[in-house]
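Novice: Here you go, one structure.
The values are calculated or read from the model by the stated rules, or taken from the named source; none is laboratory data. Remember, predicted model here, so these are calculated numbers, not experimental data. So basically every Cβ, Gly included, is an ideal-geometry build from the backbone, and we count neighbours across all protein chains shown.
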């Protein structure tokens, strides 16, 4: 049964009779110098089919050799995910025919993975912690890249021909598979997004991958089914493939919940299939009928010996793990002296690393948080981009902070400096010079502006002389207007009270 966006039931209605059950499969491209089973380079951007050899092209007689760094990275990921590390594991052949896999099988792991039975605790937007159980993490190789030419959608349907680049074939991957995620209810899409976000931060902290989703270094398959309230048996699942952003993971899960409910409510049957996600409207469309494991005819890879990680090596890797994201966030929260809610806001904004880098460039943490969570967050929301994508560096933000701390800028002028940097006008000092934005530091000129404001607002001045210090705000505002906002409000207040003979 085909369902369009017009046929969808509302999200709230979709959940009146059903519980969503998810399974997330995340593929992480490891940052090794060479491929998983050969010595070919993994450098991005090379000429098509220039980083290939008989092994990754599947030529007869070519024998693979396991990349030791790939195995080490897999163990680190397993440990960080609280998994058991296998005492003995092996590779298997996953048999299927598709042009982007020249061997006609993918070297992967099946029932004997490198890591299994783990979990990852993730924080939702309100700070609630949700535990996602990990089924396994296993090693495999990536496929080549197909480019379909001549069609309207960029997919194979309607294309006149396809181009194949095997540079990516054989690049090391870790696939991390969750157990069925139950009990999230209406927050299931939020849980999916939070899980992938936390996993991405963990992978980056380990240093095993840059995990840049927009570059395809981390991709998520969203499996989803609906189960009628009160039943134990899972419904038929769909699998939305290769979702490549956090927002898209959430949108794909939400759409599939609504689509499944619409089909079931209309008396239809869910087809077990893969789905394509469409970024422009958040919808999914049918791909191919989803195979079961037996369709791939897995069998042990005869050209590779099993791997038996030594226990002392595993413990050495465990001891060498870096500070993981949740512990780091807790430490930073204590160092910064902020509440759980404030820390969650920083996390949700993706600002932690930016704030840390800004403090390392010389700013204090309060000032760094103020700019990234204030003016810069507003700008990123207006532009529809992530904070890290704004065209301003942490060093530039630290310089703005330093100019404010030195009294050369006030907050209003600092916002104008940030505006100039974002507009490509140069570094903060260049923007200050170009726009003439320095705070008025000439005491004579500032004193004259205060005198003018007092003379023009005699009634307010009398109130202040009478002890109503709150009225000083009006005079300060008048001085700021006279100086076009280029005065230090604190110094203006001091001068106002001084000239009126009032103790502040």
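Novice: Take residue 268 and decide whether it is assigned to a loop (DSSP other than H, G, I, E, B), surrounded by fewer than 17 Cβ atoms within 10 Å (Cβ to Cβ) and either modelled with pLDDT of 95 or more or on the phi > 0 side of the Ramachandran plot (or both).
Specialist: When the stated conditions are applied, residue 268 does not pass them.
Novice: While we're on this one: Against the conditions (1) in contact with a helix residue (DSSP H, G or I) (Cβ under 9 Å, 6 or more places away or on another chain); (2) at pLDDT below 95; (3) buried (at least 16 other Cβ atoms within 10 Å of the Cβ); (4) over 30 Å from residue 384 (Cα atoms), where does residue 307 fall short? Just the number, please.
Specialist: If we test residue 307 against (1) in contact with a helix residue (DSSP H, G or I) (Cβ under 9 Å, 6 or more places away or on another chain); (2) at pLDDT below 95; (3) buried (at least 16 other Cβ atoms within 10 Å of the Cβ); (4) over 30 Å from residue 384 (Cα atoms), just (2) comes out false.
Novice: Let me ask something else. Among the residues in segment 61-76, are any over 30 Å from residue 309 (Cβ atoms), modelled with pLDDT of 95 or more and surrounded by fewer than 20 Cβ atoms within 10 Å (Cβ to Cβ)?
Specialist: No, there is no match, as no residue in segment 61-76 is over 30 Å from residue 309 (Cβ atoms), modelled with pLDDT of 95 or more and surrounded by fewer than 20 Cβ atoms within 10 Å (Cβ to Cβ).
Novice: Being under 22 Å from the mean Cα position of the chain (by Cα), within 30 Å of residue 320 (Cα to Cα) and not in a helix (DSSP H, G or I) is the requirement here; does residue 210 meet it?
Specialist: So residue 210 passes the test.
Novice: Might you let me know whether segment 215-227 holds any residue that is assigned by TED's automatic domain parsing to the domain that holds residue 277, out of contact with any helix residue (DSSP H, G or I) (no Cβ under 9 Å at 6 or more places or on another chain) and free of Cβ contacts under 8 Å to residues at least 24 places away in the same chain?
Specialist: Checked against the condition, which is being assigned by TED's automatic domain parsing to the domain that holds residue 277, out of contact with any helix residue (DSSP H, G or I) (no Cβ under 9 Å at 6 or more places or on another chain) and free of Cβ contacts under 8 Å to residues at least 24 places away in the same chain, segment 215-227 yields no hits at all.
Novice: While we're looking at this one, here's another question. Report the residue count in segment 125-152 for those that are over 30 Å from residue 115 (Cα atoms), loosely packed, with under 14 Cβ neighbours inside 10 Å and in contact with a strand residue (DSSP E or B) (Cβ under 9 Å, 6 or more places away or on another chain).
Specialist: Of the residues in that region, 3 qualify.
Novice: Would you kindly identify the helices (runs of 4 or more DSSP H) lying entirely within segment 373-437 that contain at least 2 residues that are at pLDDT 90 or above and crowded, with 21+ Cβ neighbours inside 10 Å?
Specialist: Where helices (runs of 4 or more DSSP H) fall fully within segment 373-437 and carry at least 2 residues being at pLDDT 90 or above and crowded, with 21+ Cβ neighbours inside 10 Å, they are 394-405, 411-422, 428-435.
Residues are listed down the side, and each one gets a yes or a no for (1) closer than 30 Å to residue 107 by Cα; (2) assigned to a helix (DSSP H, G or I):
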| position | (1), (2) |
| --- | --- |
| 302 | yes, no |
| 318 | yes, yes |
| 323 | no, no |
| 330 | no, yes |
| 333 | no, yes |
| 343 | no, yes |
| 347 | no, yes |
| 354 | no, yes |
| 368 | no, yes |
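Novice: Oh, and also: So is residue 239 part of a helix (DSSP H, G or I) and either at pLDDT 95 or above or surrounded by fewer than 21 Cβ atoms within 10 Å (Cβ to Cβ) (or both) or not?
Specialist: no
Novice: Also, quick follow-up: Test residue 22 against the criterion of being in contact with a helix residue (DSSP H, G or I) (Cβ under 9 Å, 6 or more places away or on another chain), part of a loop (DSSP other than H, G, I, E, B) and crowded, with 23+ Cβ neighbours inside 10 Å, and give yes or no.
Specialist: No.
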